[in-house]
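Novice: Quick one: this structure, given as structure tokens, is what I'll be asking you about.
The values are calculated or read from the model by the stated rules, or taken from the named source; none is laboratory data. The structure displayed is predicted, hence computed values, not measured ones. All Cβ positions, even for glycine, are placed from backbone atoms using ideal geometry, and neighbour counts span all protein chains on display. Please note that ligands, DNA and RNA were not included when accessible areas were found on the heavy atoms of the full protein model with its side chains. Shrake-Rupley method; radii C 1.70, N 1.55, O 1.52, S 1.80 Å.
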Amino acid sequence: MSELSKAYEPQLVEDKWYAWWIDQGLFEADPTSSKPAFSIVIPPPNVTGVLTLGHVLNTTLQDILARHARQTGHEVLWLPGTDHAGIATQTVVERRLRKEEKKTRHDLGREEFLKRVWEWKEKHGGIIINQLKKLGCSCDWGRERFTMDEAYARRVQEVFVDLHKKGLIYRGKRMVNWCPVSLTALSDEEVIPKTQKSFFYHYKVEIVEKPGTFLEIATTRPETIMADAAVAVNPADPRYAALIGLHVRRPLPTGVEVLLPIIGDDAVDFEFGTGVLKVTPAHDKTDYEIGLRHNLPVIDIMNPDGTLNDLAGEGFSGLDRFEARTKAVDKLQELDLLVKEEPHENNVGFSERADVPIEPRLSEQWFLKYPKTIEARDAVRNHLIRFFPDRWEKVYDHWLENIQDWCISRQLWWGHRIPVWYPAENAIGDASNAKCQVESPGDGWAQDSDVLDTWFSSWLWAHETMDAPTLAKFYPTSVLVTGPDIIFFWVARMIMAGLEFTGEVPFKNVYFTGIIRDKQGRKMSKSLGNSPDPLDLIAKFGADGIRFGLLRIAPQGQDIKFDEQQIVEGRNFCNKLWNACRFRQIQGPIDPNADPAKHELSLFARDLLARLDATIQRVNEGYDAYRFSDIAQALYDFVWGDFCDRFIEVAKADFATDTPRRAGTLATLDFTIKQILRLLHPYAPFITEELWSGLGLGAQSLMQSGWPTEGGFASDPRAALIYETVSKTRNLRATYGIPGNKRLPWQINPSTDWLAGEHAVLSILLHAESITFCESAPQGHAACPTDIGLIYLPLEGIIDAATEKKRLHGEILKVEAEIEKVARKLSSESFVQNAPADVVADHRQRQQDWINRLGELQQAHDGLEG
RNA sequence: GCGCGAUUAGCUCAGCGGUAGAGCGCUUGCUUCACACGCAAGAAGUCACAGGUUCGAACCCUGUAUCGCGCACCA
């Protein structure tokens, strides 16, 4: 083959290999295969979304698992697809419509609007999928699914009908979380509490039966005074208990006299505020419940869009809720009822999508009483499903323990229409004569106008994306890789759905990724503009660079502070590997079947192969424990440190002249490169495939070449002694400002008998002009004690005696400190008596080694003049 | 309020009972025939704080502080 280029250029090879993999059908899952199954369903990204770093992390992890599974002999299904993302997608299309045509969805009508959304989906739906391909994802694309595919959508509706039949789905008038911007109900999980700096407004109301006596009330929402139906105190509160049964005058709206009863209710905390609570059943969840207990009227003063209606009275009607708040305060001031405004921090629920405070609102919605909650809890508690990291088990359990019914209807158009039919258009919402079935009962029947929560379709994703043979082979899936932010939205619900509709858990393991943050620790977000475009990064550094770089800093379940530098390092690592292979290529033809065991090997080769074994073991352990950054680090250390920095450098000695070691060293290189490429392939699929092919290691894809097993090589500690010695001599050079490229005449008085055999290697590593072995200290030389003996350099013209004395003195101080440390430990009776014998022996040995070294240094030091 | 994470070199993070580590950055020297996306050497840390367990603690236990994240009806 042609010679490799000087630097790895990912742009030139990535597309080619991806097309080839597809062409070879390597990502296709065969349900009839006899191999053990390994399966993952992708967490479906929003159909109109674009790739974020979060996706990169998430899908790279899945790709690593999928490729690793293929290499270890599994039949792999990685099932891709997208989610219709109800609110998100509808909002995008509506915004566009407003901008470009100055129209609302109501101007178009339901049918026409949905046509537009589908058009939008067709246009933008493929973007993220293509981006995943750029990343190298090995999904079985022929099985791509969409949550609104015809068959899938039908199943969603069938599931609704089924649960309705079982009595788990019901329609009810409840307090729900209402988003005044999206104009729909939301589930509790879609409400994000945010701490707000607001005000506590204290105002007073007169007690009707005791003119001139006032009660002081503290509220954060004075704009709802007009909807108050009572004033509540705790019956156990001595300050107010006697007032229960009396009445107060409601200050707003002005112009009408409304008397509110003073009621007693345990829900009132008398420590909080003034201990007097204004009860607003229409606009607060707690107040609604109090209202139910006391039979209070529900006075709804708000329109769906958050403006006030006519019941709010003159001057408030039509105002936005926040304008109304200011105005209500002014009004109280005018009436001389405002006592004070106090700065106050409180938690306000925000709509996840629209990012505005939600309104608690009484409304008719469809609710689901979750099925299989007990079984779902047990499945995780008894480790039928394992969470990685396991701390999420507690979070999951706690949520299920306190689970509330799920509001599943949405007042949107984009989504799965609720399969409930009413006898006439004007009867919509009246459950009394409704029919719950997928098909229309016939002419004259009108379908419920609402759609289902998006998660009511995605909770079926693990099984409804598969046909019968696929289910038989690949379900339950092996592992789910997702973010902990959707543990309730998706993970928990999928477990319940799996148990309810398949009788099995949907997956065996769940790996929760961390969340990617910027350098300052903030979440990536569009508005902050701190979210780099992964496509730019791929273009700049290659898909392998971003994959490896990101994975190396993504420890299990810990949030990740993103820094482009990490991607640079990933790219550099790829280039390092590339050049190591290039070095090998320059030495001559490669033997794809090289077997180092068949050769006489240098001690360095044996040491390298032992380290390769250790690396294989580290990597395997990493996969078992889902410790992905450990795997990346193990490979980085081995490739860069053991292979390049050490072995390739000593190998140069074997290639400089035609030595008997040459064949063994070549075989070791070939074998090790082969194993490295296999081990690294899941993390860096493109470059490894390119090298595999380029070096002629196999005609088949690397993906099909199996997984390395440990070769059982024993390490050779002599290698480390040489490497350390070389380090010492380089330090010597640095101390005297002797450039690395200056050749030096070394003399060595060896302390071992095997050193002479390594003459050529030492010559290269020490960058020697000559190396001679001696048996005693030569005249006029400085001595450097090392693990393999005393090494000498001439003083004349190279070493300055005074500087060398100083350097040695520095070393002596360090060694003395070490001796002191070990001695202190060994002098402790209790340590010697209680510590395990081998630990004590270890310390003794260390002490002896340091003492010996000290002696040598002392001698070298004292032997110098000056 | 309850729960969960984090706190180790300037930065990003490993290490989780037996001599404090890596990469980047920094300083210095190298166009040494794979790689300057590189090589080599070096400086740099009372492992947040206080107690405890242990022969021995960055690591285990108990508190405290700071930051972050969940959960909870506190108006």
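Novice: So, in region A:7-52, how many residues would count as being within 16 Å of RNA strand B (Cβ to nearest atom) and crowded, with 21+ Cβ neighbours inside 10 Å? Outline the logic, then answer.
Specialist: At the first step, the residues of region A:7-52 found to be within 16 Å of RNA strand B (Cβ to nearest atom) are A:7-14.
Now narrow it down to the ones that are crowded, with 21+ Cβ neighbours inside 10 Å: A:8, A:10, A:14.
Number of matching residues: 3.
Novice: What residue, of A:Ala760, A:Ala734, A:Ala768, is of a type in the set (Gly, Ala, Ser), open to solvent by 50 Å² or more (accessible area, probe 1.4 Å) and more than 24 Å from A:Gln859 (Cα to Cα)? Break it down into steps so the answer makes sense when it comes.
Specialist: Numbers: A:Ala734 fails: more than 24 Å from A:Gln859 (Cα to Cα); A:Ala768 fails: open to solvent by 50 Å² or more (accessible area, probe 1.4 Å).
Of A:Ala760, A:Ala734, A:Ala768, the one residue that is of a type in the set (Gly, Ala, Ser), open to solvent by 50 Å² or more (accessible area, probe 1.4 Å) and more than 24 Å from A:Gln859 (Cα to Cα) is A:Ala760.
Novice: A further question on this structure: So A:Thr254 passes all but one of these: (1) within 15 Å of RNA strand B (Cβ to nearest atom); (2) open to solvent by 40 Å² or more (accessible area, probe 1.4 Å). Which condition number does it fail?
Specialist: So A:Thr254 meets the others, but not (1).
Novice: Report every pair of residues separated by at least 6 positions or lying on different chains whose Cβ atoms are under 6 Å apart, first residue within region A:841-855 and within 17 Å of A:Lys814 (Cβ to Cβ), second within 11 Å of RNA strand B (Cβ to nearest atom) and open to solvent by less than 50 Å² (accessible area, probe 1.4 Å).
Specialist: Qualifying pairs under 6 Å: A:Arg846/A:Val822; A:Gln847/A:Val822; A:Trp850/A:Val815; A:Trp850/A:Ile819; A:Arg853/A:Val815; A:Leu854/A:Val815.
Novice: Would you be able to say whether some residue in region A:745-757 is open to solvent by less than 20 Å² (accessible area, probe 1.4 Å) and either in a loop (DSSP other than H, G, I, E, B) or within 14 Å of RNA strand B (Cβ to nearest atom) (or both)? Please lay out each step first, then the result.
Specialist: Step one: of region A:745-757, the residues open to solvent by less than 20 Å² (accessible area, probe 1.4 Å) are A:746, A:748, A:755.
Next, from what is left, pick out any that are either in a loop (DSSP other than H, G, I, E, B) or within 14 Å of RNA strand B (Cβ to nearest atom) (or both): none.
No, region A:745-757 contains no residue that is open to solvent by less than 20 Å² (accessible area, probe 1.4 Å) and either in a loop (DSSP other than H, G, I, E, B) or within 14 Å of RNA strand B (Cβ to nearest atom) (or both).
Novice: If you don't mind, there's one more thing I want to ask. For region A:26-70, which positions are touching a strand residue (DSSP E or B) at 6+ places or on another chain (Cβ under 6 Å), outside any loop (DSSP other than H, G, I, E, B) and either at pLDDT 95 or above or within 20 Å of A:Asn620 (Cα to Cα) (or both)?
Specialist: A:Ala37, A:Phe38, A:Ser39, A:Ile40, A:Val41, A:Leu61, A:Gln62, A:Ala66, A:Ala69, A:Arg70
Novice: Can you name the residue in region A:607-639 that is aromatic (Phe, Trp, Tyr) and within 14 Å of RNA strand B (Cβ to nearest atom) and is also surrounded by the fewest Cβ atoms within 10 Å (Cβ to Cβ) among such residues?
Specialist: A:Tyr636
Novice: Would you tally the residues in region A:85-128 being at positive phi, without any contact (Cβ under 8 Å) to a residue 40 or more places away in the chain and not basic (Lys, Arg)? Steps first, please.
Specialist: Looking only at region A:85-128, we keep the residues that are at positive phi, and these are A:85, A:102, A:109.
Pick out the ones that are also without any contact (Cβ under 8 Å) to a residue 40 or more places away in the chain and you get A:102, A:109.
So of that shortlist, the ones also not basic (Lys, Arg) come out as A:109.
The number of residues fulfilling the criteria is 1.
Novice: Something else: Please specify each residue of region A:640-670 satisfying the condition of being surrounded by fewer than 16 Cβ atoms within 10 Å (Cβ to Cβ), without any contact (Cβ under 8 Å) to a residue 24 or more places away in the chain and either of a type outside the set (Asp, Glu) or within 11 Å of RNA strand B (Cβ to nearest atom) (or both).
Specialist: The answer is A:Gly641, A:Asp645.
Novice: All but one of (1) at positive phi; (2) in contact with a helix residue (DSSP H, G or I) (Cβ under 9 Å, 6 or more places away or on another chain) hold for A:Gly737; which doesn't?
Specialist: Status for A:Gly737: all satisfied but (2).
Novice: Which one is nearest to the chain's Cα centre (by Cα), of the residues in region A:398-413 that are without any contact (Cβ under 8 Å) to a residue 60 or more places away in the chain and near RNA strand B (Cβ under 10 Å from one of its atoms)? Step through it out loud before you land on a result.
Specialist: Restricting attention to region A:398-413, the residues satisfying the condition of being without any contact (Cβ under 8 Å) to a residue 60 or more places away in the chain are A:398, A:401-403, A:405.
This time we only want the ones that are near RNA strand B (Cβ under 10 Å from one of its atoms), so: A:398, A:401-403.
Values: A:His398: 22, A:Glu401: 26, A:Asn402: 26, A:Ile403: 25 Å.
Of everything passing the filter in region A:398-413, A:His398 is nearest to the chain's Cα centre (by Cα).
Novice: Take the conditions more than 16 Å from RNA strand B (Cβ to nearest atom), closer than 30 Å to A:Gln24 by Cα and either out of contact with any Asp or Glu (no Cβ under 8 Å at 6 or more places or on another chain) or hydrophobic (A, V, I, L, M, F, W, C) (or both) and apply them to A:Leu677. Does it pass? Talk me through it step by step, then tell me what you get.
Specialist: Values: more than 16 Å from RNA strand B (Cβ to nearest atom): no; closer than 30 Å to A:Gln24 by Cα: yes; either out of contact with any Asp or Glu (no Cβ under 8 Å at 6 or more places or on another chain) or hydrophobic (A, V, I, L, M, F, W, C) (or both): yes.
For A:Leu677, the condition - more than 16 Å from RNA strand B (Cβ to nearest atom), closer than 30 Å to A:Gln24 by Cα and either out of contact with any Asp or Glu (no Cβ under 8 Å at 6 or more places or on another chain) or hydrophobic (A, V, I, L, M, F, W, C) (or both) - is not met.
Novice: Separate question: For A:Leu4, are the conditions met, namely being within 16 Å of RNA strand B (Cβ to nearest atom) and open to solvent by less than 20 Å² (accessible area, probe 1.4 Å)?
Specialist: Details: within 16 Å of RNA strand B (Cβ to nearest atom): yes; open to solvent by less than 20 Å² (accessible area, probe 1.4 Å): yes.
So A:Leu4 fits the description; yes.
Novice: Something else: Failed condition for A:Ser701, given (1) open to solvent by less than 10 Å² (accessible area, probe 1.4 Å); (2) within 16 Å of RNA strand B (Cβ to nearest atom); (3) under 31 Å from the mean Cα position of the chain (by Cα); (4) not β-branched (Val, Ile, Thr), with all others met?
Specialist: Tallying (1) open to solvent by less than 10 Å² (accessible area, probe 1.4 Å); (2) within 16 Å of RNA strand B (Cβ to nearest atom); (3) under 31 Å from the mean Cα position of the chain (by Cα); (4) not β-branched (Val, Ile, Thr), A:Ser701 fails exactly one: (2).
Novice: So which residues in region A:793-814 are open to solvent by less than 10 Å² (accessible area, probe 1.4 Å) and free of Cβ contacts under 8 Å to residues at least 60 places away in the same chain?
Specialist: Answer for region A:793-814, where residues must be open to solvent by less than 10 Å² (accessible area, probe 1.4 Å) and free of Cβ contacts under 8 Å to residues at least 60 places away in the same chain: A:Leu808, A:Ile812.
Novice: OK, next. Of all residues being among the aromatic types (Phe, Trp, Tyr) and within 16 Å of RNA strand B (Cβ to nearest atom) in region A:260-319, which is most open to solvent (accessible area, probe 1.4 Å)? Just the residue, please.
Specialist: Taking region A:260-319 first, the residues among the aromatic types (Phe, Trp, Tyr) are A:270, A:272, A:288, A:316.
Among the residues that remain, those that are also within 16 Å of RNA strand B (Cβ to nearest atom) are: A:270, A:272, A:288.
Details: A:Phe270: 77, A:Phe272: 117, A:Tyr288: 39 Å².
Here the answer is A:Phe272.
Novice: Given the criterion surrounded by 20 or more Cβ atoms within 10 Å (Cβ to Cβ), closer than 20 Å to A:Trp78 by Cβ and within 16 Å of RNA strand B (Cβ to nearest atom), identify the matching residue among A:Val491, A:Val479. Walk me through it before giving the result.
Specialist: On the way: A:Val479 fails: within 16 Å of RNA strand B (Cβ to nearest atom).
None of the others qualify; the one that does is A:Val491.
Novice: Looking at (1) open to solvent by less than 60 Å² (accessible area, probe 1.4 Å); (2) at pLDDT below 85, which one does A:Leu854 not meet, given that it meets all the others?
Specialist: A:Leu854 satisfies all of (1) open to solvent by less than 60 Å² (accessible area, probe 1.4 Å); (2) at pLDDT below 85 except (2).
Novice: Looking at this structure, is A:Phe501 out of contact with any Phe, Trp or Tyr (no Cβ under 8 Å at 6 or more places or on another chain) and not β-branched (Val, Ile, Thr)? Please lay out each step first, then the result.
Specialist: On the way: out of contact with any Phe, Trp or Tyr (no Cβ under 8 Å at 6 or more places or on another chain): yes; not β-branched (Val, Ile, Thr): yes.
When the stated conditions are applied, A:Phe501 passes them.
Novice: Separate question: Inside region A:815-836, can you point out the residues that are among the aliphatic types (A, V, I, L, M) and open to solvent by 80 Å² or more (accessible area, probe 1.4 Å)? Working first, answer last.
Specialist: Within region A:815-836, the first condition is being among the aliphatic types (A, V, I, L, M), and the residues that meet it are A:815, A:817, A:819, A:822-823, A:826, A:832, A:835.
None; the set is empty.
Novice: Among the candidates A:Gly109, A:Gly73, A:Gly86, single out the residue that is at pLDDT below 90 and small (Gly, Ala, Ser).
Specialist: Numbers: A:Gly109 fails: at pLDDT below 90; A:Gly73 fails: at pLDDT below 90.
Among A:Gly109, A:Gly73, A:Gly86, only A:Gly86 is at pLDDT below 90 and small (Gly, Ala, Ser).
Novice: Further, regarding this structure: Identify all residues within region A:820-836 that are part of a helix (DSSP H, G or I) and within 10 Å of RNA strand B (Cβ to nearest atom); write none if there are none.
Specialist: First, the residues of region A:820-836 that are part of a helix (DSSP H, G or I): A:820-826, A:829-834.
Listed by number, the residues that qualify are A:Lys821, A:Val822, A:Lys825, A:Glu829, A:Ser830, A:Phe831, A:Val832, A:Gln833, A:Asn834.
Novice: Contact list please: Cβ distance under 9 Å, first residue in region A:373-386 and on the phi < 0 side of the Ramachandran plot, second residue aromatic (Phe, Trp, Tyr) and not in a helix (DSSP H, G or I), pairs at least six apart or on different chains.
Specialist: Sorted first by the residue in region A:373-386, then by its partner, the pairs are A:Ala376/A:Tyr370; A:Val380/A:Phe387; A:Ile385/A:Phe507.
Novice: I need every pair where a residue in region A:560-578 that is over 14 Å from A:Pro532 (Cβ atoms) and open to solvent by 20 Å² or more (accessible area, probe 1.4 Å) has its Cβ under 6 Å from the Cβ of a residue that is within 6 Å of RNA strand B (Cβ to nearest atom) and small (Gly, Ala, Ser), sequence separation at least 6 or different chains.
Specialist: A:Asn575/A:Ala7
Novice: If you go through region A:204-217 one residue at a time, do you hit one that is more than 26 Å from A:Pro343 (Cα to Cα), open to solvent by less than 40 Å² (accessible area, probe 1.4 Å) and not in a loop (DSSP other than H, G, I, E, B)?
Specialist: yes
Novice: Now for a separate question. Can you tell me how many residues in region A:579-603 are in contact with a Ser or Thr (Cβ under 9 Å, 6 or more places away or on another chain), surrounded by fewer than 21 Cβ atoms within 10 Å (Cβ to Cβ) and assigned to a helix (DSSP H, G or I)?
Specialist: The qualifying residues number 1.
Novice: For region A:336-345, does any single residue satisfy the condition of being within 16 Å of RNA strand B (Cβ to nearest atom) and closer than 30 Å to A:Asp405 by Cα?
Specialist: Yes.
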